[in-house]
Structures are given as structure tokens and as C-alpha cells.
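J.: Below are the C-alpha cells for one structure; questions will follow.
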Amino acid sequence: MFFAFKNVPFNELLNYIRIIDYRWIFPSFAILFASYIFRAARWQIIVSSSHKINFKSAYHALMTGFMINCLLPGRAGEIARPLILQKNDKIPFTAGLATVAAERVFDVVLLLAFFSAVLANVEIDPGFEIRFNNFILNRETLESIFTGMIKLSILLISGIIILSIEKIRNIMKKAVIHFPLLLFFLKEKTKQKIIIKICQPLVNILDSIASGFVLLKSPVKIGLCIGLSVLIWLLNAFSFYIFSKGCPGINLSFIEISAVMILICIFIALPSVPGFWGLWEAGGVFAMSLFGVLQKDAAGFTLANHAVQVFPVIILGALSAAALGVNFIKISYER
């Protein structure tokens with residue numbers, strides 16, 4: 001937070017935060033909550049392609065996961081979600097983890113598509129930068145993260161496709177089972193132990209992961225998930241836009257505020273503290289400066305809006321964890 005606001009006069013920032021019309025929090029949060037409802041519906045579609053799950057289970061597991069993301073480093077909530085499904089819905093952990101990966105593919109692909117549009121339509125001065133801790137936030141940083149996300153997307157999609165093709169998966173399974181037989185220096189009894197103790201569980205894991213990607217066999221469900229993904233991101237952007245109406249000095253159009261949200265999302269892909277505190281604000285100041293917003297106004301809006309985006313999620317996640325009977329500390333250790 002220090003690095004994000006070191007160039008902003010503290011008194012001016014406090015004065016700005018005081019004059020925000022916080023009545024706009026309520027419609028902004030209502031829209032944000034709707035986006036999480038659609039996120040849960042999308043995840044339910046992905047999971048239900050291979051395992052039975054109702055909307056209530058999907059929603060509570062998702063909100064608990066997002067709460068943990070806000071409180072623990074390393075996006076631990078993404079691991080917590082399949083753990084919760086395993087405990088409450090008897091869905092294998094690896095299958096649940098595969099559905100989380102599939103869900104994230106939709107998000108990353110949509111984000112990359114929107115970001116491409118931003119780069120094509122927003123002029124970013126190569127010399128403009130904001131220093132945040134060990135990071136320099138500028139156009140080069142954005143393009144570097146963008147390239148990394150493309151590579152990650154290609155890797156994820158390729159892996160999903162490979163594991164979803166039964167013939168390829170069978171070849172992989174045979175290779176795993178027969179590998180110990182190639183170890184001529186081992187006794188036959190030892191080879192069989194390796195097959196039973198290591199190779200067979202690996203084969204079961206491959207099948208379990210593949211079951212999480214059954215969605216690929218249904219073009220209708222893929223289309224539905226893409227549509228929901230577009231709706232989710234539009235609602236997120238609209239939540240930003242509605243809150244900006246109560247913030248003095250923020251006179252951006254819906255398209256401009258959407259670009260700000262997308263740039264923030266790209267920047268917070270960098271390693272950061274739980275909840276992205278500091279990096280979110282630095283990214284917001286950088287993005288809003290591109291549209292001529294004063295730094296103190298951009299910092300005040302970004303900080304207040306970040307709180308609106310994060311604290312309600314923590315509260316809703318805590319309620320979901322309570323509804324599921326999830327021991328937060330135990331889940332944290334099990335990750």
C-alpha cells in the first residue's frame with residue numbers, strides 16, 4: 001500500500017475518501033453479487049458434466065474459495081474449492097481441480113480477448129510508468145504479462161484437449177503401467193509393487209482429471225459457459241462503473257471504466273499479497289491516469305472500490321463456509 005500511494009498526499013487521499021457518496025456501494029455490490037451467482041451457475045454446469053452437484057453446493061464452495069483467495073497467498077482458494085467438493089459432494093479432488101482449471105480457462109481467454117481490444121483502442125505511452133515495490137508498471141509490463149497469460153492459456157487448453165481424447169489418454173495410461181517393466185534391473189516382485197502402489201493410482205488420477213473436462217464433449221454447454229463468462233465480466237465492469245458515479249473526479253464512460261478494470265486484472269496477475277492490496281491500487285492509478293484522472297482521485301476511487309470488491313466477498317464466503325460446516329483453518333492446512 002505504501003508503494004501504491006507514496007506519490008499521493010495522504011491528507012488529500014483521506015479528504016477524497018470522505019467525500020465519496022457511499023450510497024453507490026449498494027447497487028455496485030448488488031451487481032457484483034449477481035456476477036458471483038452467474039459464476040456459481042457456470043461452475044455448476046462444468047462440474048455437472050461429470051458429477052452431480054446442485055447450485056447451492058457450487059455457490060457455497062465457490063464463495064468459500066474466493067474468501068480464502070482474499071485471505072491467503074498463492075490463490076489457495078482454488079485448491080480449497082475441490083477439497084470442499086470432495087468432502088461434501090464426494091467428488092474426487094483431481095476431478096474438482098480440473099473443473100476449476102476449466103473455469104479459469106474461460107476467464108483467462110475472455111480477459112485476453114478484452115485486453116487485446118484495450119491495447120488496440122487505448123494509447124499507452126511507452127514512457128509512462130508507476131513503480132510499485134519491485135515492479136515497474138508500464139506498457140512493457142502489460143505486454144509481458146499478456147504474453148505469459150497467452151502461453152499459460154495455450155498450455156492449459158492443450159492439456160485439456162489431450163486428456164479429453166480417450167485414445168491419447170489410453171496410450172498415456174498404458175505407458176504409465178508398462179514403464180516399471182522396462183526397469184530390467186529390478187526384480188519382478190518390485191516391479192509389481194511399483195505398478196500397484198504408484199502406477200495404478202497415477203492412472204486413476206488421469207481418469208479423474210479427464211472426468212473434470214467432460215464439458216468439452218458438449219458444444220452447447222461450452223457455448224453456455226462462454227455466454228456466462230461474457231455476462232460475468234460485463235457485470236464486474238458495470239459494478240466498477242456504478243461505484244464511480246459516487247466518486248468525484250471520475251467521469252469515465254462505461255468503456256473506459258471497463259478498460260481500467262481489465263488493466264487492473266492484468267496487473268494483479270503478478271505475485272502479490274492476499275487480496276492484491278497495493279498492486280490493485282497501483283494498477284488502478286496507472287490505468288486511470290491514461291484517461292486523464294488525477295492521481296489522488298484515481299487512488300481514492302481505486303482504494304474504495306477495491307474494498308467494495310473484496311470485503312463483501314469475505315463476508316459472503318464466511319457465511320458460505322459456515323453453511324457448509326467448513327473448518328477454514330483445517331482447509332488452509334490441507335491445501
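The values are calculated or read from the model by the stated rules, or taken from the named source; none is laboratory data. What you see is a predicted model; the values in this text were computed from it and never measured. With ideal geometry, Cβ positions are generated from the backbone for all residues, glycine too; neighbour counts draw on all protein chains shown. Heads up: the accessible areas ignore ligands, DNA and RNA and are worked out on the full protein's heavy atoms, side chains in. Shrake-Rupley method; radii C 1.70, N 1.55, O 1.52, S 1.80 Å.
J.: Of the conditions (1) aliphatic (A, V, I, L, M); (2) at pLDDT 90 or above; (3) in a helix (DSSP H, G or I), Ile250 fails just one. Which one is it?
T.: Going through the list (1) aliphatic (A, V, I, L, M); (2) at pLDDT 90 or above; (3) in a helix (DSSP H, G or I), Ile250 breaks only (3).
J.: I've got another one for you. Of the residues Ile53, Ile20, Ile68, Ile46, only one is buried (at least 21 other Cβ atoms within 10 Å of the Cβ), touching a Cys at 6+ places or on another chain (Cβ under 8 Å) and of a type outside the set (Ser, Thr, Tyr); which?
T.: Values: Ile53 fails: touching a Cys at 6+ places or on another chain (Cβ under 8 Å); Ile20 fails: buried (at least 21 other Cβ atoms within 10 Å of the Cβ); Ile68 fails: touching a Cys at 6+ places or on another chain (Cβ under 8 Å).
Exactly one residue qualifies, and that residue is Ile46.
J.: Looking for whichever is of a type in the set (Gly, Ala, Ser) and crowded, with 17+ Cβ neighbours inside 10 Å here; the options are Ala117, Ala98. Which one fits?
T.: Details: Ala117 fails: crowded, with 17+ Cβ neighbours inside 10 Å.
It is Ala98.
J.: Also, I was wondering about something else. For the range 263-291, how many residues meet the condition of being open to solvent by 10 Å² or more (accessible area, probe 1.4 Å), in a helix (DSSP H, G or I) and among the hydrophobic types (A, V, I, L, M, F, W, C)? Full working, then the answer.
T.: So in the range 263-291, the residues open to solvent by 10 Å² or more (accessible area, probe 1.4 Å) come out as 265, 268-274, 276-277, 280, 289-291.
If we keep only those that are in a helix (DSSP H, G or I) too, we end up with 265, 274, 276, 280, 289.
Checking which are among the hydrophobic types (A, V, I, L, M, F, W, C) leaves us with 265, 276, 280.
Residues flagged as open to solvent by 10 Å² or more (accessible area, probe 1.4 Å), in a helix (DSSP H, G or I) and among the hydrophobic types (A, V, I, L, M, F, W, C) within the range 263-291 amount to 3.
J.: Among the residues of the range 137-151, is there at least one that is part of a helix (DSSP H, G or I) and more than 31 Å from the chain's Cα centre (by Cα)?
T.: From the range 137-151, those part of a helix (DSSP H, G or I) are 139-151; that's our starting set.
Now restrict to residues that are more than 31 Å from the chain's Cα centre (by Cα): none.
No, because not a single residue in the range 137-151 is part of a helix (DSSP H, G or I) and more than 31 Å from the chain's Cα centre (by Cα).
J.: Tell me which of these Ile53 doesn't satisfy, since it passes every other one: (1) touching a Leu at 6+ places or on another chain (Cβ under 9 Å); (2) closer than 20 Å to Val214 by Cα; (3) not in a loop (DSSP other than H, G, I, E, B).
T.: Every condition holds for Ile53 apart from (3).
J.: Go through Leu215, Leu224 for me and flag whichever is under 26 Å from the mean Cα position of the chain (by Cα), under 21 Å from Ser50 (Cβ atoms), surrounded by 14 or more Cβ atoms within 10 Å (Cβ to Cβ) and modelled with pLDDT of 85 or more.
T.: Values: Leu215 fails: modelled with pLDDT of 85 or more.
Testing whether each residue is under 26 Å from the mean Cα position of the chain (by Cα), under 21 Å from Ser50 (Cβ atoms), surrounded by 14 or more Cβ atoms within 10 Å (Cβ to Cβ) and modelled with pLDDT of 85 or more leaves just Leu224.
J.: Right, next: Return a yes/no flag: does the range 165-177 have any residue that is among the β-branched types (Val, Ile, Thr), under 30 Å from Leu270 (Cα atoms) and either free of Cβ contacts under 8 Å to residues at least 60 places away in the same chain or surrounded by 12 or more Cβ atoms within 10 Å (Cβ to Cβ) (or both).
T.: Filtering the range 165-177 down to residues among the β-branched types (Val, Ile, Thr) leaves 165, 168, 171, 176-177.
Next, only the ones that are under 30 Å from Leu270 (Cα atoms) stay: none.
Within the range 165-177, none of the residues are among the β-branched types (Val, Ile, Thr), under 30 Å from Leu270 (Cα atoms) and either free of Cβ contacts under 8 Å to residues at least 60 places away in the same chain or surrounded by 12 or more Cβ atoms within 10 Å (Cβ to Cβ) (or both).
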